[in-house]
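Asker: Handing you a structure now.
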Amino acid sequence: MMPELYVINMKNLMIIQENSNRNEYFTVEDYMFNNRELVLDDDVNPHTMTSLINQVRYLDKISPGEEITLYINSPGGEVTSGLVLYDVLRLVKSPIRTVCIGTAASMGAILFLAGDKRCMTIHSQIMIHDPAVRMGNAPSKALSVQETLDSLMKTREELARIIADRTHKPIRSIYAKTKGDAYFNAKEALEFGLATEIVDEI
């Protein structure tokens, strides 16, 4: 029997699962987690990444051969914490399926690329670009600025190599694309190698 959906209010949806002579209640998020489905629908930041890393590692530990699905609709965010989750997704034993269900931009796109299967809904989009940094309003000394720029260029190379590796494109073509904000609809992402398939159900 399929579980029933019980609405407390529009912000609190509960799943009722009949179990012998009693009912069990789950949040929608818990129900999805039990089905090995995770969601990134926020900025890439230390808080969201730590939560997803813990969830991915737990699911991988309990059933290392079973697929984990990560749905992504994110504007991107911090590179460092995003790369930690990228590494975890690539290192776990469980196959990873990423699904773009809106926009996977910037670091959201890099995380999308971590999937062994990379799926897009027909009206979703991917955006890749070079990393950026805010220098702040206070005056900066020349050496400090140079150190920041050197670090930024290393990050640019690192991200470009990930994109090149996952799309099987020469890195020079990635640099050409990422010098500005490069948007890809589902068909374009499939042709460029960012996505592996377009789906009509999720």
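Asker: Once both labels are modelled 7 Å past Cα along the beta-carbon direction, what's the GLU197-MET32 spacing in nm?
Answerer: With each label point 7 Å from Cα toward Cβ, the separation is 2.0 nm.
Asker: Quick check: residue separation of LYS179 and ASN19 times 0.36 nm, minus the Cα distance between them. What number comes out in nm?
Answerer: Values: separation 160, 0.36 × 160 = 57.60 nm, distance 5.54 nm.
Value of the extension gain: 52.1 nm.
Asker: State the answer as a single residue: which of ASN45, SER173, THR80 lies farthest towards the positive end of the charge dipole of region 36-199, with beta carbon charges of +1 for Lys and Arg and -1 for Asp and Glu, about the Cα centre.
Answerer: Value: SER173.
Asker: Go ahead and estimate [θ] at 222 nm for the chain from helices alone: -39,500 (n - 2.57) per DSSP H run with n ≥ 4, summed, over the residue count, rounded to 500. Display every interim value, and only then the final one.
Answerer: Details: 7 runs with 84 residues, N = 202.
Estimated from H runs of four or more residues: -13000 deg cm²/dmol.
Asker: Tally Lys and Arg at +1 and Asp and Glu at -1 over the other residues with C-beta under 14 Å from the C-beta of ASN73: what net charge comes out?
Answerer: Numbers: positive: none; negative: GLU37, ASP41, ASP42, ASP43.
Within the 14 Å Cβ shell, the charges total -4.
Asker: Relative contact order of region 36-199: what whole-number percent is it, with Cα pairs under 8 angstrom and at least 6 residues apart?
Answerer: Values: 302 pairs, mean separation 33.8, N = 164.
The value is 21 percent.
Asker: List the GluC sites (Glu not before Pro) in region 152-202 that DSSP assigns to loop (not H, G, I, E or B) and whose Cβ has at most 15 other Cβ atoms within 10 Å. Which are they? Don't skip to the end; give the middle numbers.
Answerer: Details: sites: GLU157, GLU158, GLU188, GLU191, GLU197, GLU201; in loops: GLU201.
In loop regions of region 152-202 (DSSP not H, G, I, E or B), the sparsely surrounded GluC sites (Glu not before Pro) are GLU201.
Asker: What ratio of Cα Rg to 2.2 N^0.38 Å holds for the chain? Write down the numbers at each step before the final one.
Answerer: Working: Rg = 19.4 Å, N = 202, 2.2 N^0.38 = 16.5 Å.
The value comes to 1.17.
Asker: Debye sum, Cα scatterers, region 126-202, no solvent: what log₁₀ I/I(0) at q = 0.14, 0.26 1/Å?
Answerer: These q points yield log10 I(q)/I(0) values of -0.56, -1.20.
Asker: Next question. Express as a percent, rounded to the nearest 5, the fraction of DSSP beta bridges in the chain (both residues included) that run antiparallel. Each step should come with its number before you reach the end.
Answerer: Working: 15 of 36 bridges.
Of the beta bridges lying entirely in the chain, close to 40 percent run antiparallel.
A short reminder: the numbers here are calculations on the coordinates, not readings from a lab. Computed from a predicted structure; not experimentally measured. Because the Cβ atoms are built from the backbone with ideal geometry, glycine has one as well, and the counts that use them run over all protein chains shown.
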